[in-house]
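Below is one structure; the comments refer to it alone.
The values are calculated or read from the model by the stated rules, or taken from the named source; none is laboratory data. Because the structure is a prediction, the values reported are computed rather than measured. Cβ placement follows ideal geometry from the backbone for every residue including glycine, while neighbour counts extend to all protein chains displayed. Remember, those area values only see protein heavy atoms, side chains included, never the ligands or the DNA or RNA. Shrake-Rupley method; radii C 1.70, N 1.55, O 1.52, S 1.80 Å.
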Amino acid sequence: QLVYPYDFRLTEKEKTSICYLSFPDSYSGGLGDTQFSFRLRQAGGQRTAPYEDGGEYNREAPLTLQRESAHYFGYVYFRQVKDSSMKRGYFQKSLVLVSRLPYVNLFQSLLQLIAPEYFDKLEPCLEAVCNEIDQWPPPAPGQTLNLPVMGVVIQVRVPSRVDKPGSSPVKQFNQENLLPAPLVLPSIHELDLFRCFQPVLIHIQMLWELMLLGEPIVVMAPSPTVSSEMVLALTSCIAPLRFCCDYRPYFTIHDSEFKEYTTRTQAPPNIVVGVTNPFFIKTLQHWPHVLRVGELRMSGDLPKQVKVKKLAKLKTLDTKPGIYTSYKTFLHKDKTLIKRLLKGIQRKRPSEVQSALLRRHLLELTQSFIIPLEHYIASLMPLQRAITPWK
């Protein structure tokens, strides 16, 4: 319907894809507001963005937060409410923020401020917001940014490559007499890992292994929100390593890569793909790992943990949550971690503390994998004193 600012160039193919990806493609007739995200392959050759900084940002940012050159991220705020004046009886509209940066927390929080106003006031609202965003400082790794928009100041720190992995963000709030008090985001990109992984906590090691190996995984979820959060949580679980395979937090049958992913003549590509349309149960049956999840709930008790089932048992009508795979793990389940998290649920420990426990555990797994490799590679290198430019 409208692309703003007007000089932002998208190809027709990209526009069509964004339109399809901006609406829930599932049977859950949820009313109200929904937020989710997607990732889209850029169509046509490389296009330089007006704000390119000669790669300086990418040199200083952590690998997992680098600006992508071949993909766009889309952050969606979708509203569906009953409205008898509309032909279909419903008001259905999405506001989508398109960026090359994977700042899921910042952009979803920004949409929560803008979208309700936009649905009310339409284009003038976008114009005002874009004028404010134009004044924002560029993202600089290691710095805390104050981002004024619609009478609110969002304050967030961009992580830097020199940050120690697993350390909590530095509390360095330079509140230069900010009025009103800023909306402080604890992280620019981190999800509530504990909430995302609640139904699969006991299989966290298996999922970590599958991500490390870049195995093809389908996440089948009841809504784009659950699908995109689960895919992003999975790809982030090998941090500080960057997940180098492709991933699609939300994918529909209208996507231009649909044929590429559903063909049975070749092995599935190395990709993590999140889907909601039941049609995919049939078309992606041949994939080696299928994770079916139900609605994510923040409840006081541990949701029923999904079971690992043989792939052959994935019937077209089988909508039971579970991990359908014949993969044999190398690691044993970490019972002490699961006990600690269970105790946390009983004691009503805040979700961010549970997420921090989970994140630290995954970081230790990744580091214990990297360290022997680093030692081995170091042993292949000549000694520093033996390296000279003359021989």
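Quick notes on this one:
- Here region 25-35 is the region considered, the condition is being of a type outside the set (Phe, Trp, Tyr) and modelled with pLDDT under 90, and the residue that is most open to solvent (accessible area, probe 1.4 Å) is LEU31.
- The residues on offer are THR325, THR336, THR329, and the sole one that is at pLDDT 90 or above and surrounded by 18 or more Cβ atoms within 10 Å (Cβ to Cβ) is THR325.
- Odd one out for LYS348 among (1) in a loop (DSSP other than H, G, I, E, B); (2) free of Cβ contacts under 8 Å to residues at least 24 places away in the same chain; (3) touching a Gly at 6+ places or on another chain (Cβ under 9 Å): (2)
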